[in-house]
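Undergrad: Let me begin by handing over the structure; questions about it come next.
Read-outs throughout are calculated quantities, based only on the coordinates presented, and are distinct from any laboratory measurement. In this text the structure is predicted, and so the values were computed from the model without any measurement. As a convention, Cβ positions derive from the backbone with ideal geometry for all residues, glycine included, and neighbour counts pool all protein chains shown.
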Amino acid sequence: MKKYIGVAVLLLLAVTVNAQDYIKGHVKEKGSGKRLADVFIKDNNNKQITLTDEKGNYTIRAAAGHLLIFSSPGYIPDTLYLINTQPKFVELQPMPMSLGEVNVRSTRPVFDPRAEYPEIYRKSKIYPLSLSSIFSRESRNARRLKKYFEQEEREQYIDGIYTKLYVSGIVPLKGKDLDNFMLMSRPSYGFLKQNSGGDLTLYVNDQYKKFMAMSPQQRASYGLSTQ
């Protein structure tokens, strides 16, 4: 009897594993049809995550009844409820510039990847005597996600320092002019790590002089790009 129960349990586990299939598809920009790379995709049910490749393609472990979340800086996040496991093609709407007060960089998901996805950092490690840690698809994907997380952490660091409240306290700009100026003058992570306080104030003033020396058309051109 125990033997039959054991077999039944194994069969049930096999069915459960097979019920979660790999969903494939691609993501593109709505309107232009441009394929989007490095779109962050998360299965809200099983917490699986992935990124689109340079051609906008993706593969993620999911199942019917799950909810996928698609997000990328400069685009309105989108969700997709899976009714089957057929290929899914998603279009992301660029963030409207009319949102004004919204910094397009703030559309990135805010989270602590080291706490939420410790397995990504574990799987991304390369062990000299382990070929699978170098060449397996799982390891390669983990390294891509680790690199993505590190870049997101740097961008969030910039967002936390180079805020509208800070910049508007230095330069007399408002509305779209302030938005465009912040896009033009956004400092790098390396610069902010080495400069703060008075040095950063000098940087903002210097960038403001360059901004005001531009024609109105040139200044407005920074608001035409959402990334």
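Undergrad: Strictly over 32 Å apart at the Cα level, which of Lys30/Lys174; Lys55/Lys125; Lys30/Lys123; Lys28/Lys210; Lys28/Lys176 would you flag in this model?
TA: Numbers: Lys30/Lys174 29 Å; Lys55/Lys125 26 Å; Lys30/Lys123 34 Å; Lys28/Lys210 35 Å; Lys28/Lys176 27 Å.
Correct reply: Lys30/Lys123; Lys28/Lys210.
Undergrad: Based on the Cβ-Cβ distance of Lys24 and Ser168, what FRET efficiency does E = 1/(1 + (r/R0)^6) give at R0 = 45 Å, to the nearest 0.05? Working shown, then result.
TA: Working: r = 45 Å, r/R0 = 1.00.
My answer for the efficiency is 0.50.
Undergrad: Pulled fully out, how much extra length does the chain show between Thr85 and Thr201, if you take 0.36 nm times their separation in residues and subtract their Cα-Cα distance? Please list the in-between numbers first.
TA: Values: separation 116, 0.36 × 116 = 41.76 nm, distance 5.28 nm.
So the chain would gain 36.5 nm between Thr85 and Thr201.
Undergrad: Which one, Val204, Phe181, Leu192, projects farthest toward the positive side of the charge dipole computed for the stretch 162-224 from Cβ point charges (K/R +1, D/E -1)?
TA: Phe181
Undergrad: Which FRET efficiency, nearest 0.05, do Tyr157 and Ala37 yield, Cβ-Cβ r, R0 22 Å? Working shown, then result.
TA: Values: r = 22 Å, r/R0 = 1.02.
Efficiency, from the Cβ-Cβ distance: 0.45.
Undergrad: If you stretched the chain out fully between Ser215 and Gln194, how much longer would it get, using 0.36 nm times the residue separation minus the C-alpha to C-alpha distance? If you can, show how the numbers build up before the last one.
TA: Values: separation 21, 0.36 × 21 = 7.56 nm, distance 3.15 nm.
Answer, rounded to one decimal: 4.4 nm.
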